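Asks: Sharing a structure, written as structure tokens. Questions coming.
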Amino acid sequence: MATLVAPVAYGLLNVVSATGIVFANKAVFSVVKFSFTYALTFIHTLFTLAGMHVFLRFGIFERKTVPRRKMLPLAAAYVGYIVLCNLNLNLNPVGFYQITKIAVAPAVLAIEAVAYGKRASPAVGGAVALVCAGVGLATVTDPQIASNAAGLGAGFGSVAATAMYQIWAGVKQKELGLGSMQLLHQYVPLAAAMLGGLVLLLEPVGLLAPGPGTLLGFHYTPGGLATIAVSAALGLLVNLSTFLVIGATSSLTYNVVGHVKTVLILSGGVAFFGDVMPAKKMAGIGVAMLGIIWYSHIKLREAKMTASAKLQLPTATLATNRLGERAGVLSSVDLVKRRQLSASPEPAGKV
């Protein structure tokens, strides 16, 4: 029973923080009327930068340094992804924002196919087609979205930017041998510097004339400042809880948690922010959810098969080497490989 406490606590923290940040950010834009997207993203990134130093100090991850120039493209991708996601939430209802999150999986597959020549299996293609059909149905039947050209542009722009960021982050992790927290620790300072420059260039800061409608002339209330601070703190907690959930549970559990968050965010959009949910839009969301659940199931099954094949490979290699040794044809290279495998067995129970 005690062993279940930590995973359940981490899962709850992830659900609360990931759903809470969507509602907090929407409240910043819609209730507080703080519409400075670059500035809010900059504040979030500064919180994350400070938090990563605290996590490092408490030993949550180990420091690993890489040349900054290798981090520049990923930092730029992060800035584009997070700014467009916040702009998407600023211009659109919560429900459409979450629909675009569902659409990221098909976008990743499309980019990998075009840019890297990676082809998906027919089953994955079917699941992605179902997701796309659901997203299309939910979008064209939503009266709050169909006539909002700027919102549609921000929404689908955030889909493309998020997909590119996820792909590049995965590539960099493998290339540099970094964990997710180590990678974030390396590129967040660069991202903060970029966002600081974008705030000065693109936001109406009001350095010379801090009037209404400018960042310096905005009417800050204690409640508004608290909402902004809560949204920034929740952003940091999302990163921490995601790291903890993945470390303490399985990929299946993390995917289930993700589906729970989707349902809660869609429900919260209707309950707290007045999102309309006509029958056709609800049907589209349902179809997209079925597609993403099917997609998750297929990817988990493929990952399990790959892991099983890797576990069987050392055993097969040792058996082949022993047969060769008995026949007197084992090469010196094969002997070295066999000794390395014998000296470094896989930990018991490792999957």
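Asks: Can you say whether MET289 is at pLDDT 80 or above, outside any helix (DSSP H, G or I), out of contact with any Lys or Arg (no Cβ under 9 Å at 6 or more places or on another chain) and closer than 25 Å to GLY20 by Cα, as far as the supplied structure shows?
Replies: no
Asks: Go through (1) under 22 Å from SER30 (Cα atoms); (2) in contact with a helix residue (DSSP H, G or I) (Cβ under 8 Å, 6 or more places away or on another chain); (3) open to solvent by 50 Å² or more (accessible area, probe 1.4 Å) and name the single condition SER180 misses.
Replies: The failed condition is (1).
Asks: How many of the residues in region 203-244 are within 20 Å of HIS297 (Cα to Cα) and either in contact with a Lys or Arg (Cβ under 9 Å, 6 or more places away or on another chain) or outside the structural domain of PHE61 (by the TED database) (or both)?
Replies: 0
Asks: What is the one condition in (1) touching a helix residue (DSSP H, G or I) at 6+ places or on another chain (Cβ under 6 Å); (2) free of Cβ contacts under 8 Å to residues at least 40 places away in the same chain; (3) closer than 27 Å to PHE23 by Cβ that LEU195 does not satisfy?
Replies: (2)
Asks: Let me confirm something: among GLN166, GLN173, which residue is open to solvent by 30 Å² or more (accessible area, probe 1.4 Å), within 27 Å of ILE298 (Cα to Cα), touching a Gly at 6+ places or on another chain (Cβ under 8 Å) and in the same structural domain as PHE55 (by the TED database)?
Replies: GLN173
Asks: Counting just the residues of region 137-153 that are open to solvent by less than 60 Å² (accessible area, probe 1.4 Å) and either of a type in the set (Val, Ile, Thr) or touching a Cys at 6+ places or on another chain (Cβ under 9 Å) (or both), which one comes out nearest to VAL83 (Cα to Cα)?
Replies: ILE145
Asks: Follow-up. Please determine whether any residue of region 265-276 is surrounded by fewer than 17 Cβ atoms within 10 Å (Cβ to Cβ), within 18 Å of the chain's Cα centre (by Cα) and not in a loop (DSSP other than H, G, I, E, B).
Replies: no
Asks: So if I check each of PRO204, PRO212, PRO222, which one is open to solvent by 20 Å² or more (accessible area, probe 1.4 Å), of a type outside the set (Gly, Ala, Ser) and farther than 23 Å from PHE47 by Cα?
Replies: PRO212
The values are calculated or read from the model by the stated rules, or taken from the named source; none is laboratory data. Please read all numbers here as calculations on a predicted model, not as lab measurements. A quick note on method: Cβ atoms are made from the backbone with ideal geometry, for glycine too, and the neighbour counts reach across all protein chains shown. Ligands, DNA and RNA are stripped out before the accessible areas are found, and what is left, the full protein with its side chains, is counted by its heavy atoms. Shrake-Rupley method; radii C 1.70, N 1.55, O 1.52, S 1.80 Å.
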